[in-house]
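A.B. asks: Here you go, one structure.
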Amino acid sequence: MANLVLVRHGESTSNLANVFTGWLDVPLSPTGEAEAHTVADKLRGYHFDAAYSSDLIRAERTLDIIVARPAWATIPVHHAGALRERMYGDLQGLNKAETALKYGQAQIDSWRRSYAVPPPGGESLQQTQARAVKYFEAEIAPKLRAGQDILVVSHGNTLRGLRMYLEHLTPEEVESLEIVTGGICVYAFDAQLKIVERRLL
């Protein structure tokens, strides 16, 4: 049996400012730094053979804080563009409340929560999921099938896409899936990558 631990990065400065972030490379806020340390505390006792994050600073920093613990200090760490947050296009850098006043809350909800509708100039969740799942199948799934335990630190929408894929959620079900900053989801898989257990920490 193998464990896969999915972690959303800690709060970023853009999360704090209520800004659409996407591929903007912003750091963790002080609260986000604390959330990363809390994640490391919650994962105490877990074994990892390798760790992955996106190549954006907020995910890399969260992972750095976690693997600074002695138990994980020597595991291989990989940073991948395929695990980035969805690209929010023309919305990146805009305040969410002000943008809702401009376009209407229903339109914002469609851009943010729907599976197939992309924001202007950006990626849909479906497109984000496609690149993340392709990377997962090529790089991570073989290790899980071999019985290795893997840690992945990524972003809210990227993890929504991965969880949709792993749990066979429908587009309607994924609309309501919310992953908080510092959120942790642990899967135990059998050798065929069937979920034996799922836990939220």
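The values are calculated or read from the model by the stated rules, or taken from the named source; none is laboratory data. Keep in mind that what you see is a predicted model, and the values were worked out from it rather than measured. Don't worry about glycine lacking a Cβ; one is built from the backbone with ideal geometry, like all the others, and counts go over all protein chains shown. Side chains included, ligands, DNA and RNA excluded: accessible areas come from the protein's heavy atoms. Shrake-Rupley method; radii C 1.70, N 1.55, O 1.52, S 1.80 Å.
A.B. asks: Please turn the phi angles of the stretch 189-196 into ³J(HN,Hα) values with the Karplus equation 6.51 cos²θ - 1.76 cosθ + 1.60 (θ = phi - 60°), one per residue in order, whole Hz, x for glycine and proline.
C.D. replies: Per residue, the Karplus-derived 3J(HN,Hα) values read 10, 8, 5, 9, 6, 8, 6, 8 Hz.
A.B. asks: Still on this structure: Give the accessible area for M87 in Å² (nearest 10); use a 1.4 Å probe, count only protein heavy atoms, and leave out ligands, DNA and RNA.
C.D. replies: About 50 Å², rounded to the nearest 10.
A.B. asks: Taking the Cβ of E139 as the centre, find all other residues whose Cβ is under 14 Å away and add up their charges (Lys, Arg: +1; Asp, Glu: -1).
C.D. replies: +1
A.B. asks: Among residues other than D55 whose Cβ falls under 10 Å from its Cβ, what is the net charge (Lys/Arg +1, Asp/Glu -1)?
C.D. replies: Values: positive: R84; negative: D25, E60.
Residues close to D55 contribute a combined charge of -1.
A.B. asks: Give me the 1.4 Å probe accessible area per residue for the stretch 1-88, excluding ligands and nucleic acids, in Å². Write down the numbers at each step before the final one.
C.D. replies: Numbers: 3560 Å² over 88 residues.
Dividing the accessible area of the stretch 1-88 by its residue count gives 40 Å².
A.B. asks: Dividing the alpha-carbon radius of gyration of the chain by 2.2 N^0.38 Å (N being the number of residues), what value is obtained? Kindly include the intermediate steps, with their values, before the conclusion.
C.D. replies: Values: Rg = 16.4 Å, N = 201, 2.2 N^0.38 = 16.5 Å.
Relative to the 2.2 N^0.38 Å estimate, the chain comes out at 0.99.
A.B. asks: Can I ask one more? Between Q148 and E33, how high is the FRET efficiency from 1/(1 + (r/R0)^6) when r is the Cβ-Cβ distance and R₀ = 30 Å? Nearest 0.05.
C.D. replies: Details: r = 29 Å, r/R0 = 0.95.
It comes to 0.55.
A.B. asks: To the nearest 10 square angstrom, what accessible area does V180 show with a 1.4 Å probe?
C.D. replies: 90 Å²
A.B. asks: Would you mind telling me which residue in Q105, Q129, Q148 has the biggest mean-square fluctuation in a Gaussian network model of the chain, where springs connect alpha carbons within a distance under 10 angstrom?
C.D. replies: The residue that fluctuates most here is Q105.
A.B. asks: Moving on. Please report the net charge: other residues with Cβ closer than 14 Å to the Cβ of Y187, K and R +1, D and E -1. Can you show the working numbers first?
C.D. replies: Numbers: positive: K143, R145, R163, K194, R198, R199; negative: D149, E167, D190, E197.
Charge balance in the 14 Å sphere: +2.
A.B. asks: With label points built 7 Å along Cα→Cβ from the Cα atoms of L101 and L201, find their separation and express it in nm.
C.D. replies: Those two pseudo-labels are separated by 4.1 nm.
A.B. asks: If one puts a single equal scatterer on every Cα of the stretch 82-201 and applies the Debye formula without solvent, what log₁₀ I(q)/I(0) results at q = 0.14, 0.19 Å⁻¹?
C.D. replies: Reported log10 I(q)/I(0), two decimals: -0.63, -1.06.
A.B. asks: Connecting C-alpha atoms closer than 10 Å in a GNM of the chain, tell me which of Y52, Y88, Y165 has the biggest fluctuation.
C.D. replies: Largest GNM mean-square fluctuation: Y165.
A.B. asks: Next question, about the same structure. May I ask which of K42/K134; K42/K102; K42/K143 have a Cα-Cα span longer than 32 Å here? Mind dumping the intermediate values first?
C.D. replies: Details: K42/K134 29 Å; K42/K102 41 Å; K42/K143 23 Å.
In this structure, K42/K102 exceed 32 Å between Cα atoms.
A.B. asks: Working with all protein chains in place, sort T181, T38 by solvent-accessible area computed with a 1.4 Å probe, largest first. Please list the in-between numbers first.
C.D. replies: Working: T181 35, T38 65 Å².
The most accessible residue leads, giving T38, T181.
A.B. asks: What is the stretch 162-201 by shape, rounded, prolate or oblate, if you read a ≥ b ≥ c off the alpha carbon gyration tensor as root eigenvalues and call it rounded for a/c under 1.5, prolate for a/b larger than b/c, and oblate otherwise?
C.D. replies: Working: a/c = 2.98, a/b = 1.26, b/c = 2.36.
Cα axes put the stretch 162-201 in the oblate bin.
A.B. asks: Sticking with this structure for a sec: Given an 8 Å cut-off on Cα distances and at least 6 residues of separation, report the relative contact order of the chain as a percent. Numbers along the way, then the final one.
C.D. replies: On the way: 403 pairs, mean separation 65.3, N = 201.
In percent, rounded to a whole number, it is 32.
A.B. asks: I would also like to ask the following. For the chain, modelled as a GNM with alpha-carbon contacts under 10 angstrom, which of P118, P27, P76 fluctuates the most?
C.D. replies: Its mean-square fluctuation being the largest, the pick is P76.
A.B. asks: What value, in deg cm²/dmol to 500, does the helix sum -39500 (n - 2.57) over DSSP H runs of n ≥ 4 give at 222 nm once divided by the residues of the chain?
C.D. replies: On the way: 9 runs with 79 residues, N = 201.
Taken over the chain, the calculation gives -11000 deg cm²/dmol.
A.B. asks: Normalized C-alpha radius of gyration of the stretch 24-130, against 2.2 N^0.38 Å?
C.D. replies: Details: Rg = 16.8 Å, N = 107, 2.2 N^0.38 = 13.0 Å.
Normalised by 2.2 N^0.38 Å, the Cα Rg of the stretch 24-130 equals 1.30.
A.B. asks: Right, something else. With every protein chain in place, what's the accessible area of W23 (1.4 Å probe, Å², nearest 10)?
C.D. replies: 100 Å²
A.B. asks: For V152, V19, give me the order by solvent-accessible area with a 1.4 Å probe, most accessible first, ignoring ligands, DNA and RNA.
C.D. replies: Values: V152 0, V19 25 Å².
Ranking V152, V19 by accessible area, largest first, yields V19, V152.
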